[in-house]
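K.L.:
Quick one: structure below, then a few questions.
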Amino acid sequence: MEHTPVLSLVWQIAAYEAADNLHNIIDVEHFFIALCKLEGFANVNRLRALGVPDSQVSAVEAEIDLLMGLFQRFGIKTTVFRRELRFHKGKGSHHIADSHQEWVMHRSPGSRTAFEWAEGVAEKQQAPMLTVMHLLAGLLAEPQTDLTLWLNNKKIEAGRLKQAAIDTAVVPVQGGAVKTAALPAVQTAAAGLSAQYTRNLIQLAQRGRIRLEPYFQDALARTIQALDRPAKNNPLLLVEQGHAAKIVANNLAWQIANNAGPAGLSDWQVLEVQLNDMAANISFQGEFAQRMQNMVEEVGEQGRVILFIDGIETIIGSGAIHVEMDGVINALLTAISQGKIRCLAATKPMEYYRYIGPKDHFKAIFQPVSVSAQADATLDELTVPLINTSGPDTRQPALEASPESAPAALSPSTAGPQMVSNILFQDLEDRLSRFGLTLYIKPGAMKLVRRLGSQVKTGTLRVREIIATEIENPLGGMLLRGEVDYGHTVIVDAVDDTIRIKVEKL
């Protein structure tokens, strides 16, 4: 039976997964890991870079989103599950003699049986093509396999998951559309304007793109306390440092995504408003306000969303606003008062005390939370380098702490360069992700940048200069020359006290 493009992609991912872990056949676990890794491909630009025709992009994206929605309903965190299942499966002993030679990976008997079972389901449904839902059902067809027993041990009822995959009929039709069976309501990423002008921080955290930072823990605790109250209090972070609010929001999203936050917020989404994108390509006065109002109303219809607005003074209260914003303000206040959304906002103390705090209708819904500039970290970040874990997993052993990077308390002399470098690397990672690039900062490179940045009195400024001249500028040139393409991984390393940049394909 013919396969959908997504299922063909799963086969390729599973083959590489097996080969990378030294197995000479593709087993059912490798196919399940490949299904989990599909989450990183639900992106129009990435699909086009893989050669998927424009006429099929929407169908491919829809099939992946449908699978991710099913995983989400069953509590399957794809990044966590694929790593743990890979560890459970273990390494094989097969080595390919020459990495450049052509090689073929065959399915194990269990995998062939799973495909046969999946084809049987598809035939009963009179489906014209075999889809990922059929494969998932086939992988779980036998109740006593190693995979199903492992899932059951993870508190995932494999039998119910199999039946849900069967019931979720995916039928590709001509023109790129996808017909699906009716599904239970699921909290998914925002659609329409909110998809265009926001980032879903929960999804990024689930994909490993956001990790817990050891900063501003007191502000985070007070933020969570405000959001967890029955009253409609919304934390308004008062910050002087540009990225402090973003760290608090990322930490909040990480805790929710990893079930470490309050139960009352467990099914809420955290959407970060991209104000720069919203203000781009304005063709008439008031278009920004109209976009913002429409986006807020759209998010309000979804419900159970925490809207993170860093720089809320551009919308409410600021003395610098010269555009009518009443429509935006009313839409925001209405959605908050009706309990459809919560708001995590941020502004500078001056803006709050001059323009926002004195106004009763803002004071009634916003609770100011001061974000201290002092880092309250107790762990040296060198033990956990920044890495976008939606990329290749073959370098995971490099994340293990070495003796020279053992946990240590931050001293006042190093806290500045460490904090600033972490913030700047996170910002660089975010910007590169828009080009479909994965950033991997090796511990040696991170340590070198911080050491050079702490050698002068203005250490934090020196860190910014080093990252710009040694990493950002060379990368810009590589992008312009076409040496870096969508889907590549950018590896920053240190060799003989010199920053070195290498690019690897997926």
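The values are calculated or read from the model by the stated rules, or taken from the named source; none is laboratory data. All values derive from a computational prediction rather than experimental measurement. Ideal geometry is used to build each Cβ from the backbone, glycine not excepted, and the neighbour counts take in all protein chains shown.
K.L.:
Would you point out which residue out of SER405, SER372, SER318, SER411 is modelled with pLDDT under 80, touching a Phe, Trp or Tyr at 6+ places or on another chain (Cβ under 6 Å) and among the hydroxyl-bearing types (Ser, Thr, Tyr)?
P.N.:
SER318 is the lone residue from the list that is modelled with pLDDT under 80, touching a Phe, Trp or Tyr at 6+ places or on another chain (Cβ under 6 Å) and among the hydroxyl-bearing types (Ser, Thr, Tyr).
K.L.:
Right, something else. Among residues belonging to the stretch 482-495 that are over 25 Å from the mean Cα position of the chain (by Cα) and either outside any loop (DSSP other than H, G, I, E, B) or modelled with pLDDT of 85 or more (or both), point out the one that is farthest from LYS447 (Cα to Cα).
P.N.:
Taking the candidates together, the pick is VAL495.
K.L.:
So if I check each of VAL57, VAL52, which one is assigned by TED's automatic domain parsing to the domain that holds GLU157, more than 18 Å from the chain's Cα centre (by Cα), part of a helix (DSSP H, G or I) and modelled with pLDDT under 85? Even if it seems obvious, please write down each step before you answer.
P.N.:
Values: VAL52 fails: part of a helix (DSSP H, G or I).
Result: VAL57 is the single residue among VAL57, VAL52 that is assigned by TED's automatic domain parsing to the domain that holds GLU157, more than 18 Å from the chain's Cα centre (by Cα), part of a helix (DSSP H, G or I) and modelled with pLDDT under 85.
K.L.:
Looking at PHE74, PHE81, PHE32, which one is among the hydrophobic types (A, V, I, L, M, F, W, C), at pLDDT 80 or above and surrounded by fewer than 18 Cβ atoms within 10 Å (Cβ to Cβ)? Explain how you work it out, then say what you get.
P.N.:
On the way: PHE81 fails: surrounded by fewer than 18 Cβ atoms within 10 Å (Cβ to Cβ); PHE32 fails: surrounded by fewer than 18 Cβ atoms within 10 Å (Cβ to Cβ).
Only one candidate qualifies: PHE74.
K.L.:
Can you pull out the residues in the stretch 140-154 that are outside any helix (DSSP H, G or I), closer than 18 Å to GLU116 by Cα and of a type outside the set (S, T, N, Q)? Walk me through how you get there before you give the answer.
P.N.:
Taking the stretch 140-154 first, the residues outside any helix (DSSP H, G or I) are 140-145, 154.
Checking the rest, the ones that are also closer than 18 Å to GLU116 by Cα come to 140-145.
Residues satisfying the conditions are LEU140, ALA141, GLU142, PRO143.
K.L.:
Which is modelled with pLDDT of 80 or more and farther than 25 Å from ARG229 by Cα, of GLN285, GLN302, GLN293? Talk me through it step by step, then tell me what you get.
P.N.:
Numbers: GLN285 fails: modelled with pLDDT of 80 or more; GLN302 fails: farther than 25 Å from ARG229 by Cα.
The match here is GLN293.
K.L.:
Take the stretch 258-271 and flag every residue that is in contact (Cβ under 8 Å) with a residue 12 or more places away in the chain and surrounded by fewer than 24 Cβ atoms within 10 Å (Cβ to Cβ).
P.N.:
To start, the set of residues in the stretch 258-271 that are in contact (Cβ under 8 Å) with a residue 12 or more places away in the chain comprises 258, 261-262, 264-265, 267-271.
Correct list: ASN258, GLY261, PRO262, GLY264, LEU265, ASP267, TRP268.
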